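Visitor: Can you read through this structure? Questions will come right after.
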Amino acid sequence: MAKALWFLMKPALVMMGWLTGAYAVLALFCTLTAGNTFFFTYVQGFFLVFDIILGICAAQAISGYAPLALSFGVTRRALRGAVAAFWVLLPLVCMVLDYLCNSVTARLFTEEANRLFIQLVHYPLHGLGFKLLLCGAMLWLGTLEFSALHLGKRIAVILLMIVIYLQITVLMFVATLIPTTILTVYSIALGVAGILFVGIALHRVGRLVITQV
């Protein structure tokens, strides 16, 4: 299972590493120009990029790398364990990178930074529920033969993905409007929904078609 997990995680970790480097370059550029640049908008909202890539990597892991792992001799049981671990580890990695980037932004650009983004520095765990939901949903999406679905089902899946991605916006604004306790419950609810999606994805792993190599 460990080898299968590394096979799934490696491309995502490489992508996250490149994104972290891109953030460092943007932050340095903004520091040299006192933060008064067009690119500062991207610096303070950079954590959103991690979430977008999280979803893409999850879908790619289950639709591309998982069938390839099966062709290399990985058992479906080991693959299920690797996918479950992937669902936990990648959101955690993403959450840590979010926190680091938001902390650097808040420290370097205290006056310029939007209060909404600084709020996320104080409550980093509240974003984990969304990441678990997003990762689980995209793992489930990766198990679907999207091109084989009827038009109505395709539209329904697309609308569902839009609703899921919009939860990060809802989460940010809710963080400024309601008590922390309610925000915690909301985040937990998102995480529970993620468990349902990843559970379906794990069940569908048994139907993945082995990639021929």
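Visitor: Quick one: among Phe86, Phe29, Phe50, which has the greatest mean-square fluctuation in a GNM of the chain with alpha-carbon springs under 10 angstrom?
Guide: Phe29
Visitor: Which whole-number percentage describes the relative contact order of the chain, with Cα contacts under 8 Å and a sequence gap of 6 or more?
Guide: About 29 percent, as a whole number.
Visitor: Determine the share of segment 1-110's accessible area contributed by carbon and sulfur atoms, expressed in whole percent, with a 1.4 angstrom probe.
Guide: After summing per-atom areas, the C and S share lands at 74 percent.
Visitor: Starting from 0.36 nm per residue, how many nanometres of slack lie between Leu28 and Val170 once their C-alpha separation is accounted for?
Guide: Contour length minus the Cα-Cα distance gives 48.1 nm.
Visitor: Gaussian network model of the chain, Cα springs within a sub-10 Å range: biggest mean-square fluctuation belongs to which of Thr20, Thr33, Thr75?
Guide: Comparing Thr20, Thr33, Thr75 in a Gaussian network model of the chain, the most mobile one is Thr33.
Visitor: Sticking with this one: Could you sort Tyr99, Tyr42 by their accessible area in this structure, using a 1.4 Å probe and putting the largest first?
Guide: Listed by decreasing accessible area, they come as Tyr42, Tyr99.
Visitor: Let me know the charge dipole size of the chain about its Cα centre in debye, to the nearest 20, where only the beta-carbon of Lys, Arg (+1) and Asp, Glu (-1) is charged.
Guide: 780
Visitor: What accessible area per residue, rounded to a whole number of Å², is obtained for the chain using a probe radius of 1.4 Å?
Guide: Counting only protein heavy atoms, the per-residue value for the chain is 52 Å².
Visitor: Can you give the FRET efficiency for Met1 and Leu151, using 1/(1 + (r/R0)^6), R0 = 41 Å, r = Cβ-Cβ distance, to the nearest 0.05?
Guide: So, using R0 = 41 Å, E works out to roughly 0.60.
Visitor: Rank Leu141, His126, Asn102 by how far each Cα sits towards the positive end of the charge dipole of the chain (+1 on Lys, Arg Cβ; -1 on Asp, Glu Cβ) and give me just the farthest.
Guide: The one lying farthest along the dipole's positive direction is Leu141.
Visitor: Using θ = phi - 60° and the Karplus form 6.51 cos²θ - 1.76 cosθ + 1.60, what ³J(HN,Hα) does each residue of segment 66-80 get, whole Hz, x for Gly and Pro?
Guide: 5, x, 5, 4, 4, 5, 8, x, 5, 6, 5, 5, 5, 5, 4
Visitor: Could you work out how far helix 180-204 tilts from the main Cα principal axis of the chain, as a 0 to 90 degree angle to the nearest 10?
Guide: 20
Visitor: Can you give the extra length, in nm with one decimal, that the chain gains between Trp18 and Val192 once fully stretched, where that is 0.36 nm per residue apart less the Cα-Cα distance?
Guide: Gain on extension, Trp18 to Val192, equals 59.6 nm.
Visitor: Oh, and also: Of the listed peptides 61-69, 156-164, what is their order by residue-averaged count of other C-beta atoms within 10 Å, with the highest listed first?
Guide: Ranking, from highest mean packing down: 61-69, 156-164.
The values are calculated or read from the model by the stated rules, or taken from the named source; none is laboratory data. What you are looking at is a predicted structure, and each value in this text was computed from that prediction instead of being measured. When we count neighbours, we look across all protein chains shown, and the Cβ atoms used for this are built from the backbone with ideal geometry, even at glycine. Keep in mind that these areas ignore ligands, DNA and RNA; they rest on the heavy atoms of the full protein, side chains included. Shrake-Rupley method; radii C 1.70, N 1.55, O 1.52, S 1.80 Å.
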